[in-house]
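Only one structure is covered here, and it is reproduced in the block below.
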Amino acid sequence: MNPNLLLAIPMLPLAAAIIAGLGGRLIGRTASALLAIAGVAGACLLSVQVLSALLHGAASYNATVYTWLLSDGVNMQVGFLIDRLSALMMVVVTFVSLCVHVYTIGYMHDDDGFQRFFAYIALFTFAMLMLVMSNNFLQLFFGWEAVGVVSYLLIGFWYTRPSAIFANLKAFLVNRVGDFGFLLGIAGVLYYTGSLDYQVAFDQAPQIATHTLHIAGTAAGWPAITVICICLFIGAMGKSAQVPLHVWLPDSMEGPTPISALIHAATMVTAGIFMVARMSPLFEQSDTALSFVLVIGATTALFMGFLGIVNNDIKRVVAYSTLSQLGYMTVALGASAYSVAIFHLMTHAFFKALLFLAAGAVIIAMHHEQDMRKMGGLRHRMPVTYWTSLIGALALIGTPFFSGFYSKDALIEAVHASHRWGSGYAYFCVTAGVFVTAFYTFRMIFMTFHGESRLDHHAEEHFHDVGWNMKGPLVALAIPSLLIGYFTVGPELFGGYFGSSIRVLDANDVVAEVGRDFHGAASFAEHSVLHLPLWLALLGVLSAWHFVLRRPQQATAIQERFGWLYRLLVNKYYFDWFNENVLARASRGLGLALWKGGDQAVIDGVIVDGSAGAVGWIAGRVRLIQSGFLYSYAFWMIVGLVLILGWLLFAGAGPAAQS
Amino acid sequence: MITLGHMLTLSAVLFALSVAGIFINRRNVLLLLMCIELLLLSANFNFVAFSRYLGLVDGEVFVFFILTVAAAESAIGLAILVVLFRERRSINVEDLNTLRG
Amino acid sequence: MLVAVLFYTFATILVVAGVGVIISRNPVHAALSLVLCFLTSAVLWLLIEAEFLALVLVLVYVGAVMVLFLFVVMMLDINVEELKRGFTRYAWLGWLVTAIVVAEIVGVIVQRRLGLDVTRGAVPLPADYSNATELGTALFTRYAYAVELAAVLLLVAIIAAISLTLRRRRGLKLQDISAQVAVRASDRVRLVKMKAEPRS
């Protein structure tokens with residue numbers, strides 16, 4: 001593979017971002033948008049070309065492009081590792097990004113920050129590509145933080161809204177917690193292998209597994225590999241919004257909808273999933289860490305889904321759905337089914353981006369109304385949006401032959417096949433999650449597109465269907481949402497697509513176990529009739545229909561009957577309450593104490609002012625010696641002389657006496 | 001016979017006297033200057049004595065330079081004294097504490 | 001024997017004169033005592049055969065420096081009474097320090113001996129030995145650079161002393177040579193043509 005071509009993939013969006021960001025006012029709105037789109041389209045084409053080259057048997061590429069610095073034997077460099085895993089991610093990232101770029105032209109049409117927005121999303125594409133293409137931990141971390149920064153900027157894109165500022169700060173802070181763990185994990189890898197390079201670390205993974213780490217001098221040692229993997233996974237928990245670090249993702253919906261689609265559904269939040277899959281040689285060495293991953297993922301998958309049921313904000317429902325689906329992917333990782341996780345990541349990227357963009361189209365059509373209670377009956381007024389979101393919803397709930405079906409069903413089967421500690425709980429969660437997913441997804445579809453119109457006067461007055469620059473991306477995403485699973489499930493999961501880029505120990509290889517019963521995509525779909533998830537999904541859709549369209553009053557009755565449960569869900573399990581009132585208050589208290597006690601009293605008071613005061617005090621005393629009188633100076637000189645002579649006389653090392 | 005010990009002792013006495021003079025005449029700048037001359041003389045005594053008893057002429061060369069410096073010093077010192085007296089009508093050291101810290 | 005007698009005699013005079021310098025109430029007396037100190041020192045230096053320096057001491061110190069001192073003492077109208085206040089208050093400290101310093105120096109000389117035999121006399125010099133020649137040779141060969149520096153130092157001292165004491169008095173009439181040289185006839189003399197007035 002040509003390194004220059006690979007370099008061009010991230011550099012094109014970067015160049016576009018720089019030009020549109022710095023010269024946006026100069027070159028104007030249209031030029032900025034076209035430039036950004038051209039940059040991302042170029043990257044997309046090149047990525048597709050790279051992927052097809054790999055599919056046609058090209059060897060994977062792993063080389064350093066640029067050495068940044070060499071410190072104490074540690075090489076810090078920019079390098080690319082292009083294998084089938086990263087190539088797949090590149091294609092997904094650039095394709096969704098391209099769709100979002102095009103869609104943005106319509107969505108942000110009236111916004112003052114048009115050029116700025118394009119600069120940000122192009123920059124995001126660059127950062128995400130750097131993350132995905134990296135061949136070392138440092139560059140991974142760079143991309144990791146860079147996408148975090150762009151996410152921060154974009155959540156707070158409408159920076160005059162206090163809620164947006166609160167949300168982006170929250171996202172930033174929560175991600176710091178995760179990144180701290182991530183950094184510790186990277187440090188652990190560096191400590192044990194002496195290198196930041198993936199290849200070195202992966203090759204030495206079995207050796208790391210033999211080490212034991214004594215944290216803070218405790219007698220009971222921890223297996224080093226478990227500590228490293230859990231630390232790395234904590235980073236993934238922050239970025240991929242796993243419980244309990246998920247709290248930022250629903251709030252991130254303050255950002256413009258294209259961003260929610262691109263960053264907070266399709267790409268950035270899946271960085272954690274990608275990272276764990278990339279680190280599979282490390283994670284495979286620690287069953288404990290994988291069990292941890294499994295349990296966290298399962299909890300997220302089920303319990304975040306519940307929250308989607310009670311929300312009325314269309315974007316937040318999709319956001320909770322994203323959380324839940326990320327939990328599914330994490331479960332797959334925990335069950336050692338990395339390829340399934342990536343497969344689900346890919347299908348999810350398409351249909352979730354589709355759902356988000358469709359939600360955005362609805363929001364724009366409704367003139368910035370996000371409350372589903374004020375929608376309804378939009379089916380006939382925006383048919384393209386309706387049909388595409390229906391495809392997305394069907395894919396999401398796992399309707400046979402849709403892309404989501406293949407990934408989700410394979411995922412559930414893989415968890416079922418797993419014997420890891422916690423897999424029983426995980427299996428329960430993901431299976432029950434199917435019902436929940438179907439319920440909230442179709443609750444959203446029914447509330448928005450079916451039933452009677454509940455539009456208020458304002459929305460009715462300004463209602464207008466969206467243009468083709470927004471519908472186009474919807475269609476472009478609907479096609480893969482519908483088809484990609486059918487065509488790729490066979491080769492990608494069971495055909496050894498990933499080759500050596502994902503390493504699974506034979507004992508853990510649940511995907512192979514699932515693959516034994518796999519006889520083509522069509523029969524896989526037919527067999528689902530015999531499995532529980534399909535019926536659960538159907539049940540979910542039916543209950544949604546029942547409670548939303550047929551008997552809405554029953555929903556209210558249940559809501560009143562189980563008031564405590566409803567309050568628990570509406571308050572998001574009190575995570576935010578806990579964070580704000582316990583963690584944040586405690587840290588503010590700690591900060592205040594350190595400020596008043598540590599900084600002002602000790603550092604300022606004793607060390608800074610104190611030392612100056614001490615010097616001043618001593619100087620004040622010493623000053624008295626400086627009387628300005630000659631004789632006193634002379635006196636002290638003589639005193640010194642007397643002392644020196646006395647020293648020479650009694651103790652000193654003068655010339656020895658001659659005998 | 002004059003031994004080295006004789007000369008050094010004499011020089012020590014002269015030195016001690018000049019030191020005492022600095023204390024006793026601590027008000028009079030003029031006398032302070034004279035005491036310094038005496039002090040330099042005692043140093044010169046040591047140089048001459050060592051020079052002679054070691055048979056090296058270099059010590060006497062140093063005396064020569066000390067004399068030069070002492071002459072320059074007393075010339076400038078007295079000049080300052082004169083200027084000072086014009087300004088303050090006094091050569092009392094206790095009046096000269098402008099540089100006091 | 002004679003040398004010892006001379007040494008003790010002049011040493012005694014020297015010490016007494018030194019005491020005189022420091023305890024004289026009158027600066028003129030102190031200056032004269034200091035002159036005596038220098039003279040006896042010169043004699044002692046002659047005794048240990050450092051003739052050139054002895055003469056220089058007399059010429060430079062007695063002849064120049066001390067005369068300067070005397071000039072200044074007499075030029076300044078010093079209030080001697082005021083300066084004598086507090087004389088006795090610190091006198092005991094001065095004597096104490098003197099005693100300690102002498103004791104210590106002698107102690108060091110006796111105990112440590114400075115790596116030398118302090119009880120030894122100087123080696124007598126041959127009859128044709130010229131101290132001035134030796135010193136001059138050293139000064140103008142090995143120490144030539146230092147001599148030049150000393151010369152510059154003296155020059156600086158002269159300039160400094162003059163510029164310090166130079167006083168520009170107001171109302172003083174001085175010649176401005178350059179103005180005198182640059183003067184032109186037209187500045188001084190003006191020829192005026194006028195008609196003769198008729199005799200009345």
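The values are calculated or read from the model by the stated rules, or taken from the named source; none is laboratory data. These numbers were taken from a predicted model, which means no experiment stands behind them. All Cβ positions, even for glycine, are placed from backbone atoms using ideal geometry, and neighbour counts span all protein chains on display. What goes into the accessible areas is simple: the full protein's heavy atoms, side chains included, and nothing from ligands, DNA or RNA. Shrake-Rupley method; radii C 1.70, N 1.55, O 1.52, S 1.80 Å.
Tabulated data
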| item | result |
| --- | --- |
| The range B:1-26 residues near the modelled C:Leu6 label - backbone nitrogen below 15 Å, point 7 Å along Cα→Cβ | B:1-3 |
| Bins of 10 Å, starting at 0 and running to the largest distance - Cα pair percent for chain A | 3, 15, 24, 24, 14, 6, 4, 3, 3, 2, 1, 0, 0 |
| Cα-only Debye scattering, the range A:155-254: base-10 log of I(q)/I(0) at q = 0.10, 0.24 Å⁻¹ | -0.38, -1.12 |
| Inter-site label distance for C:Glu148 and C:Ala196 at 7 Å from Cα along Cβ, in nm | 7.6 nm |
| Residue (of A:Ile364, A:His344, A:Met279) at the positive-pole extreme of the protein assembly as shown, dipole from beta-carbon charges | A:Ile364 |
| Enclosed volume per residue, in Å³, of the convex hull spanned by Cα atoms of the range A:99-182 | 85 Å³ |
| Most to least accessible of A:Asp179, A:Asp112 (protein chains only, probe 1.4 Å) | A:Asp112, A:Asp179 |
| 1.4 Å probe accessible area per residue over the range A:107-148, in Å² | 24 Å² |
| Other-chain or far-sequence residues with amide H under 5 Å of B:Asn28's (modelled H) | B:Val93 |
| Highest average packing first - B:61-74, A:433-446, Cβ atoms within 10 Å | A:433-446, B:61-74 |
| The range A:174-209-the range A:58-85 distance, computed between alpha-carbon centres (Å) | 16 Å |
| Residue-normalised accessible area of the range A:299-368, expressed per residue, 1.4 Å probe, Å² | 10 Å² |
| Other-chain or far-sequence residues with amide H under 5 Å of A:Ser134's (modelled H) | A:Leu81 |
| Surface accessible to a 1.4 Å probe, A:Leu131 within the full protein complex, Å² | 0 Å² |
| About the Cα centre, charge dipole magnitude for the protein assembly as shown (Lys/Arg +1, Asp/Glu -1 at Cβ), debye | 3300 debye |
| Where only alpha carbons of the range A:29-158 are counted, the Rg and the Dmax (Å) | 16.3, 53 |
| Cα-only radius of gyration and Dmax that characterise the range C:114-165, units Å | 18.2, 50 |
| Helix C:91-112 axis, angle to chain C major axis (alpha carbon atoms, nearest 10°) | 60 degrees |
| Calculated FRET efficiency for the pair A:His56/A:Asn571, C-beta based, R₀ 51 Å, to 0.05 | 0.45 |
| Alpha-carbon Debye profile of the range A:500-659, log10 I(q)/I(0) at 0.13 Å⁻¹ | -1.02 |
| Computed Kirkwood radius, in angstrom, where 1/r is averaged over Cα pairs of the range B:4-85 | 13.6 Å |
| Which of A:Ser587, A:Val548, A:Phe562, positive extreme of dipole for the range A:458-616 (C-beta unit charges) | A:Phe562 |
| Carbon and sulfur %, accessible surface of chain A computed with the full protein complex present, 1.4 Å | 68 percent |
| Chain B: DSSP helices with Cα axial extent of at least 24 Å and average Kyte-Doolittle hydropathy no lower than 1.6 | B:4-24, B:29-54 |
| Taking chain C and dividing mean pair separation by its residue count, relative contact order in percent (alpha carbons under 8 Å, at least six apart) | 14 percent |
| Among B:Phe85, B:Phe47, B:Phe15: highest mean-square fluctuation, GNM of chain B, C-alpha pairs under 10 Å | B:Phe85 |
| The range A:198-350: mean projected area of Cα convex hull, nm² | 9.6 nm² |
| Heavy atoms of A:Trp636: accessible area, 1.4 Å probe, square angstrom to 10 | 130 Å² |
| Accessible area buried between chains B and C, both sides summed, probe 1.4 Å, in Å² to nearest 100 | 6900 Å² |
| List of the range C:151-168 residues, accessible area with partners at least 10 Å² below that of the chain alone (1.4 Å probe) | C:Leu153, C:Leu154, C:Ala157, C:Ala160, C:Ala161, C:Leu164, C:Thr165, C:Arg167 |
| At 1.002 mPa s and 20 °C, Stokes diffusion of the range C:1-46 via Kirkwood alpha-carbon radius, µm² per second | 201 µm²/s |
| Contact order normalised by residue count of chain B, Cα under 8 Å, 6+ apart, percent | 30 percent |
| Whole-angstrom gap from the range C:22-57 to the range B:72-93, using each part's C-alpha centre | 24 Å |
| Rg/Rh ratio calculated on Cα atoms of chain C (Kirkwood radius) | 1.26 |
| Relative contact order (percent, whole number), chain A, Cα cutoff 8 Å, 6+ residue spacing | 12 percent |
| Average silhouette area of the range A:314-441, convex hull of alpha-carbon atoms, in square nanometres | 7.5 nm² |
| Unit charges at the beta carbon, dipole of the protein assembly as shown: most positive-side option, B:Thr9, A:Asn135, A:Gly398 | B:Thr9 |
| Amide H contacts under 5 Å for A:Trp68, placed H, 5+ residues apart | A:Met76, A:Gln77, A:Val78 |
| Cross-link table C:Lys173/C:Lys193; A:Lys374/A:Lys408; A:Lys374/A:Lys572; C:Lys173/C:Lys195, entries beyond 28 Å C-alpha to C-alpha | C:Lys173/C:Lys193; A:Lys374/A:Lys408; C:Lys173/C:Lys195 |
| Compactness of the range A:235-297 as Cα Rg over 2.2 N^0.38 Å, two decimals | 1.24 |
| Helix axis angle, C:144-165 relative to chain C longest principal axis, alpha carbon, degrees | 50 degrees |
